[in-house]
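Visitor: Okay, here's the structure, questions in a sec.
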Amino acid sequence: MGPSANILPCGQRLHLQHGPIDLIIGVDGNKQAAFHIAKDRFSTVLQELSEELSELRLPLTGNTMAPLGQIARHMDQAARPFCAGTYVTRMAAVAGAVADTILDAIKLTMPMRAYVNNGGDIAIHLAPGQAFTLAIAGHNGDDLGRIKIHYDDDIRGIATSGRHGRSHSLGIADSVTVLARSAASADVAATLIANAVDLPGHEAITRMPASALDEDSDLADLPIVTDLKVLNPQDAAQALANGRMKAESFINKNLISAAALFLQDQSETTCPRQLSISQRTSQHA
């Protein structure tokens, strides 16, 4: 089946789907022109990625050769600053990189605001004076808080990762939401921070090799989390602290702008100004 494109029942948003790629696009501006250019650019995305998929699934090191395709190069550029001493593949950036790529095409129509949402990894465009307010939703539909981004903020990408997401996780976070300069960079960082929310060897955590669930997983035989029992508050707080330490290291390196981390009934946030977390969770700003 080839790519499909449909205007959603609201009449305001475009749905693009091809294989595992599923995008929702919103535009404040010339919607007809923006949606047309988005559909045209999307038509080749899956084929482009498929041509280099085996290489993109390999662990990234400083000596890894750069890929050839436009989206693959963007994935490489987003993941490479995070790869020192860390297991990461360029697939950690794929959802965000696709969102960034489609948004770059839409920006040619000069919208006031636009977003491309690829399963929770979101690329955004803001014209001067514009802002976006977005909700943070939990895996069970709970309202976890709000994100507010202004034009002057150096943030154009949002991504969420965790053990309840579409991909396997090495950590126990329910979710981690990251704000960064691009959706691809946020995507990589959210994956690595979610991996760091962990309690190695804890009896409440069940793991198995990623390859046992998906022989094509880019995580190979690394132990992914398959189940988590209820933690006592002290252990949950320690796991979140481990993740926050990773998030702050990325902030200090200017790789991301902010992160919000959630585990059971607790949360951590690194930037209260842009991330307003619900008071339903205990939080440490």
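Visitor: HIS15 passes all but one of (1) in contact (Cβ under 8 Å) with a residue 12 or more places away in the chain; (2) within 23 Å of the chain's Cα centre (by Cα); (3) open to solvent by less than 50 Å² (accessible area, probe 1.4 Å); which number fails?
Guide: (1)
Visitor: Name the single residue that is surrounded by the most Cβ atoms within 10 Å (Cβ to Cβ) among those in region 157-169 being in contact with a Ser or Thr (Cβ under 9 Å, 6 or more places away or on another chain) and touching a residue at least 40 places away in the same chain (Cβ under 8 Å).
Guide: Of all residues in region 157-169, those in contact with a Ser or Thr (Cβ under 9 Å, 6 or more places away or on another chain) come to 157-165, 167-169.
After this cut, where a residue has to be touching a residue at least 40 places away in the same chain (Cβ under 8 Å) as well, the list is 157, 159-160, 162-163, 165, 168-169.
Values: GLY157: 29, ALA159: 33, THR160: 27, GLY162: 26, ARG163: 24, GLY165: 22, HIS168: 19, SER169: 23.
The extreme case among them is ALA159.
Visitor: In addition: So which of ALA183, ALA196, ALA173, ALA220 is of a type in the set (A, V, I, L, M, F, W, C), under 25 Å from ALA72 (Cβ atoms) and crowded, with 21+ Cβ neighbours inside 10 Å?
Guide: ALA183
Here is a yes/no grid of residues against (1) touching a residue at least 60 places away in the same chain (Cβ under 8 Å); (2) part of a helix (DSSP H, G or I); (3) out of contact with any Leu (no Cβ under 7 Å at 6 or more places or on another chain):
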| site | (1), (2), (3) |
| --- | --- |
| GLY171 | yes, no, yes |
| ALA237 | no, yes, yes |
| PHE250 | yes, yes, yes |
| ALA259 | yes, no, yes |
| PHE262 | yes, no, no |
| CYS271 | yes, no, yes |
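Visitor: Okay, moving on. Every residue in region 27-67 that is open to solvent by 60 Å² or more (accessible area, probe 1.4 Å), over 30 Å from MET110 (Cβ atoms) and assigned to a loop (DSSP other than H, G, I, E, B), please.
Guide: ARG57, LEU58, THR61, GLY62, ASN63, MET65, ALA66
Visitor: Evaluate region 98-109: report whether one residue or more is over 21 Å from ASP153 (Cβ atoms), under 15 Å from the mean Cα position of the chain (by Cα) and of a type in the set (A, V, I, L, M, F, W, C). Show your work before the answer.
Guide: If we filter region 98-109 for residues that are over 21 Å from ASP153 (Cβ atoms), which is where we start, we get 98, 101-102, 105, 108-109.
Among the residues that remain, those that are also under 15 Å from the mean Cα position of the chain (by Cα) are: 98, 101.
Then keep just the ones that are of a type in the set (A, V, I, L, M, F, W, C); that gives 98.
Yes, because at least one residue in region 98-109 is over 21 Å from ASP153 (Cβ atoms), under 15 Å from the mean Cα position of the chain (by Cα) and of a type in the set (A, V, I, L, M, F, W, C).
Visitor: Just need a number here: residues in region 39-57 that are closer than 26 Å to LEU219 by Cα and either touching a Leu at 6+ places or on another chain (Cβ under 6 Å) or in contact (Cβ under 8 Å) with a residue 12 or more places away in the chain (or both).
Guide: Final tally of qualifying residues: 9.
The values are calculated or read from the model by the stated rules, or taken from the named source; none is laboratory data. Not measured: the values here are computed from a predicted model. Positions of Cβ are backbone-derived with ideal geometry, glycine not excepted, and every protein chain shown enters the neighbour counts. Surface accessibility is based on the protein's heavy atoms, side chains included, excluding ligands, DNA and RNA. Shrake-Rupley method; radii C 1.70, N 1.55, O 1.52, S 1.80 Å.
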